[in-house]
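Written out below as structure tokens is the structure these notes cover.
We did not get these values from a lab; they are worked out from the coordinates using the rules stated. Remember, it's a predicted structure, so these values are computed and weren't measured experimentally. Note that each Cβ is placed from the backbone with ideal geometry, even for glycine, and that neighbours are counted across all protein chains shown.
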Amino acid sequence: MPPGPLQWPILGSLPSLALFGSKDPLAYLKTLGDKYGGIFSVKLGDHFAIFISDYNIMKEALMKQGSCFSHRPSTALDRAIGYDEPGVVLANGRVWQVFRRFAMQSMRDFGVGKKSIERKIQIEASSLIQQLEKMDGKAHNPSPDTQVAVTNIICAIIFGERYEYGDAEFSQILDSMKDVAQSVEWFDLRNMFDIVDRLPYGKNVSANHKILGVIKRQIVEHRQTLDETEDRDILDLCLRRQAGSEEDAALFNAVVAFIGDLFIAGGETTATTLGWAYLYMAEHPDIQEKCFQEIYKVLGDRPPIMADRAKLPFVEATISEVQRIRTIAPLSVMHSTAQDATLRGYTIPKGTWVFPMLYAVSADEKQWKQPADFNPERFLDASGDYVKRESLVPFGVGPRMCAGEMLAKMELFIFFTVMLQNFRFSRSSSDQKIDLDPILGVTWSPKPQNIQLTRR
Ligand code: HEM
């Protein structure tokens, strides 16, 4: 195994992590990555784990040896979260292959990458503008309304339904999604020690149960109204597969988990990225103005379409910079090794937990000049054209990479552009300090705070 901090009997590396990393675990883990050359091992209770902070080593593991390093471990928390069987995010082997292919194909069938979903995103973006206009210039936190708008897109794709702002059931689901995202799965003792894995679980698990309840109700309603001649949404497609071949019937028993995965992965992440974008625009009025001028010059007042992205390089660079500086899934989703492996000369035994430190790659001085600065120019060449940078990895690396990247990119571009076209973001008072320190959970989310939205 690679070197790492001192390991004690029974407790493993927990004393070092508690002593040096309790205040800011991710900052401490990054210093370990720098110290040990981009890869180090720790023992988390009963489990061996490696952390990878160097982009090239990450590629060697997750891409070159992708089938070995892209397994998902079964953790106590995952088992308790309420799925009878894993859907796509936590599945392995044949189940994962089938669901991943099905997820990507069915998202395409329901418009992802095409005009039809572009139109849906535009409509949601314009409802969001109307909703925010109601604040009439009062300081406000635009993130909860943004979460409604973004989650409505994935709802339309999977359930064929959208919810109104203020809908009580939907608000409860969105709160539950936040609770799930803000639970810190990796450092939960129940995951680390098999002996305590029966202890009662906290709010993330009960929150997930609420989401699963809504999905189960949708399944019952869809079954009752299934139309032989038309598939209305992804849930209809799942139910049809469930009634198909013997293999499909068995696999698609996991429909609750599969739909739950798309719902949680598809709503929270994109909305949180937009939340960060608003705060960075309020903090950097010069960059915001440059984005606005570019949008105004190319689009005037008309809503953006995806084909405009190539004509708005500064806007695209700004979105990329937000995704870099506040990598939404800082430790990705946990991987593990499917069999014994060798990486950089180290033997990594089967079943070792693997943490891709995406946030550390985003903050690596070898990859980025002055990484702590918010600077969209790093994604532009001398002629002002957008330059794709390989080490921008908010969606992960290798075969497990985000299955919803295309949808997320469409949503980020259209929502961000429409918001800047319609509002100026600023501090709510001259002495307000925008708080850019993240809340650490499965995702990195901003602290709730009001900012000023002035109609353009
Ligand atoms: C800005 C938005 C998003 C970001 C930054 C993001 C990021 C990620 C990351 C880092 C992973 C884990 C990759 C790994 O395990 O190595 C992931 C997995 C996943 N994401 Fe996203 N995601 C976003 C939006 C979405 C959307 C809109 C969907 C659509 C439903 C989605 C669906 C999924 C699924 C299904 C997986 C599991 C893939 C698998 O295990 O094979 N994500 N995402």
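P(r) tail for the chain: Cα pairs beyond 43 Å make up 13% of the total. Restricting attention to the chain, close to 85% of DSSP beta bridges with both partner residues there are antiparallel.
Only lysine pairs 8 or more places apart or on separate chains count here, and in the stretch 322-456 those with Cα atoms under 21 Å apart total 4. Here is how the number arises for the chain: DSSP H runs of 4 or more residues each give -39500 (n - 2.57), the sum is divided by the residue count, and the result at 222 nm is -15000 deg cm²/dmol.
What's the center-to-center distance, using Cα atoms, between the stretch 353-389 and the stretch 1-40 in Å? A separation of 25 Å, based on Cα centres. Modelled label positions at residue 382 and residue 437, each set 7 Å beyond Cα in the direction of Cβ, lie 4.3 nm from each other.
Candidates 448, 104, 401 compared by Cα position along the dipole of the chain: farthest toward the positive end lies 401, with charges placed on Cβ. For the stretch 352-402, a crude dipole built from +1 on the beta carbon of Lys and Arg and -1 on the beta carbon of Asp and Glu, taken about the Cα centre, is about 200 debye to the nearest 20.
What number results when the radius of gyration of the stretch 346-456, computed over Cα atoms, is divided by 2.2 N^0.38 Å? Intermediate results must be reported in sequence, preceding the final value.
On the way: Rg = 18.0 Å, N = 111, 2.2 N^0.38 = 13.2 Å.
That ratio works out to 1.37.
Taking the charge dipole of the chain about its Cα centre, with +1 at Lys and Arg Cβ atoms and -1 at Asp and Glu Cβ atoms, the residue from 42, 281, 255 reaching farthest to the positive side is 42. A Cβ-based charge dipole, computed about the Cα centre of the stretch 311-444 with Lys and Arg at +1 and Asp and Glu at -1, lands at about 160 debye.
Please quote Rg/Rh for the stretch 228-285 to two decimal places, taking the Kirkwood radius as Rh and restricting both calculations to Cα atoms. Don't skip to the end; give the middle numbers.
Numbers: Rg = 18.2 Å, Rh = 14.0 Å.
Rg divided by Rh gives 1.31.
If a helix is a whole DSSP H run, which ones in the chain reach 30 Å or further along their own axis (Cα) and hold a mean Kyte-Doolittle hydropathy of at least 1.0?
Helices meeting the span and hydropathy rule in the chain: none at all.
Its alpha carbons considered, the stretch 79-154 gives a radius of gyration followed by a Dmax of 17.6, 53 Å. Short-range pairs are left out: with C-alpha atoms under 8 Å and at least six residues apart, the relative contact order of the chain is 24 percent.
Between residue 391 and residue 136, what length in nm is gained on full extension when 0.36 nm per residue of separation is reduced by their alpha carbon distance?
Details: separation 255, 0.36 × 255 = 91.80 nm, distance 4.10 nm.
Gain on stretching residue 391 to residue 136: 87.7 nm.
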